[in-house]
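Below is one structure, written out as structure tokens; comments come after it.
The values are calculated or read from the model by the stated rules, or taken from the named source; none is laboratory data. As the structure is a computational prediction, the values presented were derived from the model and not from experiment. Cβ: placed from backbone, ideal geometry, glycine included. Neighbour counts: every protein chain shown. SASA here: full protein model, heavy atoms, side chains in, ligands and nucleic acids out. Shrake-Rupley method; radii C 1.70, N 1.55, O 1.52, S 1.80 Å.
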Amino acid sequence: MDSIKANDSIVHFNENCYSSINQHIKENNFSKIFILVDENTHQYCLPKFLENLETNKSIEIIEIESGEINKTIDTCVGVWNTLSELDADRKSLMINIGGGVITDLGGFVACTFKRGISYINVPTSLLSMVDASVGGKTGVDLGHLKNQVGVISNPDLVLIDTKFLDTLPKEQMRSGLAEMLKHGLITGENYWNKFQDLSKLSLDNLDELIHESVIIKRDVVEEDPFENGLRKTLNFGHTLGHAIESYYLSNPNKTTLLHGEAIIVGMILASYISTELVGFPKETTLNIKSLFLSYYDKVEFDKNDFPAIIELLKYDKKNNHGNINFVLLESIGTCKIDCLVDNKLILDAFEFYAS
């Protein structure tokens, strides 16, 4: 697969990954190399990565605990302190090996330490390959509120080695698939139709779909890097999806949902709202619901959950002037942004999801 230029980064795939990073290190006089991992990528991904890394530079491994619950400023402080203790300077390089938590947090740590050091992202989950790998969004959660603190900053390189997916549990693969399904809905029938029967897809097909998904996101981000218009379409399903994810993360009586599991619910809800508000075909909404629930378990909601979820909508990053802004679909591939939705319609959407 070809490498892809994405803003100030270059995304390399599979066989191009290691030759590109070795060349990059050779061409730049980095003082030290720091590699950020969690306990899972330390065990399953780091050994393979180091086998292919050719450098005589000093390498330090920094490990943080996995999981969205650790994507916090407190974790950043720990990493910043470790960098300082290990004599990191402005010519240091940071390599983030992991899923979206590692690449989001590691990118934020790198671009704020000493006002910015170089970093490279090595996404190891499907979600981070097709979503977090491109676009330059870095950051951390504020309590249980997702991605409230961060900056837009692009890594030097993004290395997508799909062999790392062999280490992923099935539920993590499904979580990443949700973002690819979203790319299909907001882009058009051509990409969307490729997901209608996953049983017919091979691993080679998956590589091609990942490559295409990265191109889709790259094209959107290049046209609107700071989310003033078109880039908002990437948030289809995320307004309610993020609120649901945050609610399940913070409620001790709920089982935490993976990002993709919450976004699948959010996209079904947003499809229903799209039908009611902007004329998205009802039959297509029914097909989306049927397809998604054939791939994902249905999430059970209690009527007491809805007020708390709706309350969390006010923290969505797309909001402005006190308005909660939804991305809706007029047709597959045609989005309408900055749509206002009343609470009654949101409750109707949950009723549709549960029915």
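Specify the residue that is modelled with the lowest pLDDT; the eligible residues are those in the stretch 1-30 that are touching a strand residue (DSSP E or B) at 6+ places or on another chain (Cβ under 8 Å) and small (G, A, S). Step by step, filter the stretch 1-30, then rank; the result is A6. Of all residues assigned to the stretch 189-201, none qualifies as being modelled with pLDDT of 95 or more, within 29 Å of P47 (Cα to Cα), open to solvent by less than 50 Å² (accessible area, probe 1.4 Å) and part of a helix (DSSP H, G or I).
Results for (1) in contact (Cβ under 8 Å) with a residue 40 or more places away in the chain; (2) closer than 21 Å to I25 by Cα; (3) open to solvent by less than 30 Å² (accessible area, probe 1.4 Å), shown as yes or no for each residue.
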position	(1), (2), (3)
E63	no, no, no
S66	no, no, no
I73	yes, no, no
G78	no, no, no
T82	no, no, no
A88	yes, yes, yes
I95	yes, yes, yes
G99	yes, no, yes
G107	yes, yes, yes
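For the stretch 186-219, what are the residues that are more than 19 Å from the chain's Cα centre (by Cα) and of a type in the set (G, A, S)? Within the stretch 186-219, G188, S199, S202 meet the criteria.
Scanning the stretch 20-43 for residues that are farther than 20 Å from F164 by Cβ and among the hydroxyl-bearing types (S, T, Y) returns a single hit, S31. The condition (being among the acidic types (D, E), in contact (Cβ under 8 Å) with a residue 12 or more places away in the chain and surrounded by fewer than 19 Cβ atoms within 10 Å (Cβ to Cβ)) is satisfied by just one residue among E330, E311, E351: E330. Selection of the stretch 150-161 for residues being open to solvent by less than 10 Å² (accessible area, probe 1.4 Å) and either assigned to a helix (DSSP H, G or I) or touching a Phe, Trp or Tyr at 6+ places or on another chain (Cβ under 7 Å) (or both) yields P155, I160.
Just one residue in the set E212, E179, E222 is modelled with pLDDT under 95 and either surrounded by 14 or more Cβ atoms within 10 Å (Cβ to Cβ) or among the basic types (K, R) (or both); that residue is E222.
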